[in-house]
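Down below is the structure, laid out as structure tokens.
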Amino acid sequence: MTVSPQDPKVKLPPDFENMFVEEFRFHFKVPAKLPLSVVMGSQPCDSLGSRCVGGVLSLGAVAYATAHNDGRLSDIVVIDAAQTPRFADSVNSALQSMSREQLVPPVGNVDSILVLLQIVTEEEPDTVPTVRHVFRALVPRYAWPFSYASMPAAGVDAKYPYTARLAGIEDSVMLAFTVEPDGTIAAESIELVSATYRDFVTSVLDALGRTRYHPAHLGDCAVATRMRQRFLFKEPE
């Protein structure tokens, strides 16, 4: 598990991450059954990273929250990145419990800090400091060739917002999301990585809801996968 500020310009106290993970681990309960379906590529991959020699089932979650100096968390949002609702619910329950008991470490000489929490499977867990371990699990790997999902030839038709045209604004929107085996985007999996203007984000979300990607494949089987994509908006000429 990693804990970092949402704003890279902000610094967390030196021991904040270790103390946070320790409390989280105490409150987190791993669900008894976790059916996994999202596949990620395993190394080595080609130069573009789109095709790999094998695949590995993914388990993890992303959460956003505001950490307060009184030990509480507010505005908790958990992204079900790996399409394992029970796991995401357990993450949310642990964070809510920490907040109720006011066990979040102090954030320093400010009232609050926006934090990003990520639980991911590690390729080489022995290289990760023990203090950041949340739990151990055997995650299946497959030696079949794996290819990531890709956009349709027509692309994603995100309209340049009329309000942005009036203001002469340009922007880019970075999203992470899970592409289902049928090529649709799982709405509950969408994570806003970076953006400045809400209208651009709304435009991309609307377009993704209408778009069908070419799904990822493990061998000959279409599978769900996680991907990250940047959408660039330039003022029309």
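Set Lys and Arg Cβ to +1 and Asp and Glu Cβ to -1, take the dipole of the chain about its Cα centre, and tell me which of VAL201, ALA88, SER37 lies farthest positive.
Of the listed residues, the answer is SER37.
Using only the Cα atoms of the chain, construct the convex hull and provide its projected area averaged over every direction, in square nanometres to one decimal.
On the way: hull surface 59.8 nm².
Seen from a random direction, the Cα hull of the chain projects 15.0 nm² on average.
Quick check of the Kirkwood formula: for the stretch 149-233, what is the inverse mean of 1/r over all pairs of different Cα atoms, in Å?
13.4
If you place +1 on the Cβ of every Lys and Arg and -1 on the Cβ of every Asp and Glu, how big does the dipole about the Cα centre of the chain come out, in debye to the nearest 20?
So the dipole magnitude of the chain works out to roughly 320 debye.
What Cys residues in the chain are without a partner cysteine, judged by a Cβ distance under 4.7 Å?
Flagged as lacking a Cys partner: CYS221.
Under 22 Å between alpha carbons, and skipping anything fewer than 8 positions from LYS159 in its own chain: which lysines qualify?
Those lysines meeting the cut-off are LYS234.
Can you tell me the FRET efficiency between VAL30 and SER194 if r is taken as the Cβ-Cβ distance and R0 is 41 Å, rounded to the nearest 0.05?
After rounding to 0.05, the efficiency reads 0.85.
Please give the direction-averaged projected area of the C-alpha convex hull for the stretch 2-142, in square nanometres with one decimal.
Directional mean of the projected Cα hull area for the stretch 2-142 stands at 9.4 nm².
No lab work stands behind these numbers, since they all come straight from the coordinates. None of the values given here were measured: they were computed from a predicted structure. Using ideal geometry, Cβ is built from the backbone for each residue, glycine included, and neighbour counts are taken over all protein chains shown.
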